[in-house]
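The structure appears right after this line, and notes come after that.
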Amino acid sequence: MPGVVLDPAEVDRARLEALDRAWAPARRHGALGSTPLPHLLRHAAGFVPAAWRVRPPDTLVDLGSGVGLPGLLLALLMPGCAVTLVDARARRCDWARVAAVACGVADRVTVRTSRLEDLAHRADARGGFGAAVARSLGPPPEVFELGVPLVRHDGLLVVSVDTTGRRRWEDAPLGQWGAAIAATWTRGEGSWIAVRRTGPLPAELPRPARARRSAPLF
Ligand SMILES: C[S@@+](CC[C@H](N)C(=O)[O-])C[C@H]1O[C@@H](n2cnc3c(N)ncnc32)[C@H](O)[C@@H]1O
């Protein structure tokens with residue numbers, strides 16, 4: 001089903017129940033929290049900007065996906081999209097792989113256990129994704145530096161934000177690094193911001209963790 005974005009109510013219930021069961025061990029170990037799946041699904045749907053309803057991305061990378069949030073739910077919502085989940089923690093990635101099989105999306109979901117700063121300097125990944133999403137990855141400069149290098153020209157990085165985070169994104173001179181804010185929106189479950197990659201990015205980005213911590217981009 002290329003080119004389709006489903007509403008949460010249209011997602012197959014049996015797949016969601018299977019996903020919920022597969023995530024149960026992760027919940028017991030505190031890797032997922034206790035938020036009920038229907039709420040997580042609505043929040044994941046919030047990552048979909050209006051532009052994707054017209055033309056969903058062909059590929060999407062979830063930055064710091066943990067056990068698959070929001071990436072696995074976006075895979076269910078966008079059945080034509082190939083989704084890559086990236087997290088540095090092997091155990092979370094294992095849970096994500098099991099969950100992808102359980103909810104029937106393993107044929108188009110890839111789970112990579114990697115640090116994003118390493119992946120973003122690999123020729124097979126840098127600039128290779130139509131879109132990126134991040135939920136609870138870190139402060140805006142960290143998400144920007146880790147995420148935008150993975151997105152191809154004109155692609156969007158979509159991030160869930162609180163009020164402070166949103167202001168920080170809006171005040172940042174993103175044009176310096178070949179990016180611009182494309183849209184912001186608020187729905188019942190939260191607020192989001194979409195950053196478009198508009199031009200070339202300095203080759204040294206993302207920098208090692210220590211440099212990002214000691215001198216954030218903005
Ligand atoms: C707070 S968790 C959020 C997980 C998931 N997005 C969610 O909403 O449940 C942040 C995740 O980002 C991962 N992470 C943080 N920095 C990372 C990096 N530089 N490279 C890869 N993964 C990273 C952590 O391992 C952790 O699983």
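A few comments on the model shown:
- Here the chain is assigned +1 on the Cβ of each Lys and Arg and -1 on the Cβ of each Asp and Glu. Its dipole about the Cα centre then comes out at about 380 debye.
- Dividing the Cα radius of gyration of the chain by its Kirkwood radius returns 0.94 for Rg/Rh.
- The helix-only estimate of mean residue ellipticity at 222 nm for the chain, built from DSSP H runs of length n ≥ 4 each weighted as -39500 (n - 2.57), is -10000 deg cm²/dmol after division by the residue total.
- Cα long-axis angle, helix 13-28 against the chain (0 to 90 degrees, to the nearest 10): 70
- Placing unit charges on the Cβ atoms of the charged side chains and taking the dipole of the chain about its Cα centre, the candidate lying farthest along the positive direction among 169, 44, 193 is 169.
- Considering only beta bridges that DSSP places wholly inside region 8-199, some 40 percent are antiparallel.
- Charge tally around residue 158: other residues with Cβ under 11 Å, Lys/Arg +1 each, Asp/Glu -1 each, net +1.
- Dipole axis of the chain (+1 Lys, Arg; -1 Asp, Glu on Cβ), positive-most option in 93, 78, 215: 215
Every number here is computed from the coordinates shown, using simple stated rules; none is lab data. What you see is a predicted model; the values in this text were computed from it and never measured. Quick reminder, even Gly has a Cβ in these numbers, built from the backbone with ideal geometry, and neighbours come from all protein chains shown.
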